[in-house]
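The structure appears right after this line, and notes come after that.
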Amino acid sequence: MHLDPKLKEVIDHLCEPGACEFRLQSGPLACGTSVMANEFVVNITVRSLNPTTVGLDMESYSVFLAASKALEPRPKALVVKSICDYANAEKDDQYQMFAAFTASRFVE
């Protein structure tokens with residue numbers, strides 16, 4: 001899937017320092033069907049394929065899959081994520097509610 005040029009322009013503007021109350025990073029998001037909690041595996045399976053990957057998650061996989069399989073006119077999918085762990089051995093859900101809040105606040 002490709003990012004719509006108009007949407008990319010808006011995101012790039014929002015990612016400029018001081019443009020909003022959040023620190024934004026835009027880039028490729030790796031998504032799959034399982035949770036990753038091993039930094040070595042993440043580096044081998046994700047970063048070796050695309051070193052510019054900025055995030056990893058499971059939930060967006062179904063969003064992009066559904067959009068790619070939809071009948072014409074296909075919807076444009078957008079996923080906004082907040083980071084709440086580093087996909088390593090210390091992975092836990094301590095900041096998950098805060099991450100959900102910040103992502104929803106950004107979309108608002």
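The values are calculated or read from the model by the stated rules, or taken from the named source; none is laboratory data. No experiment lies behind these values; they were computed from the predicted model shown. All Cβ positions, glycine included, derive from the backbone under ideal geometry; neighbour counts span all protein chains shown.
Residue pairs whose Cβ atoms lie under 8 Å apart, separated by 6 or more positions or on different chains, with the first residue in the stretch 1-21 and under 27 Å from residue 66 (Cβ atoms) and the second at pLDDT below 70 and not basic (Lys, Arg), are 11/3; 14/20.
For every residue, the table says whether it meets (1) in a loop (DSSP other than H, G, I, E, B); (2) farther than 23 Å from residue 93 by Cα; (3) modelled with pLDDT under 85; (4) not aromatic (Phe, Trp, Tyr).
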position	(1), (2), (3), (4)
16	yes, yes, yes, yes
19	yes, yes, yes, yes
24	yes, no, yes, yes
30	no, no, yes, yes
33	yes, no, yes, yes
37	yes, no, yes, yes
40	no, no, yes, no
61	no, no, yes, no
68	no, yes, no, yes
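Checked against the criterion of being within 12 Å of the chain's Cα centre (by Cα), of a type outside the set (Lys, Arg) and outside any loop (DSSP other than H, G, I, E, B), the stretch 71-89 has no qualifying residue.
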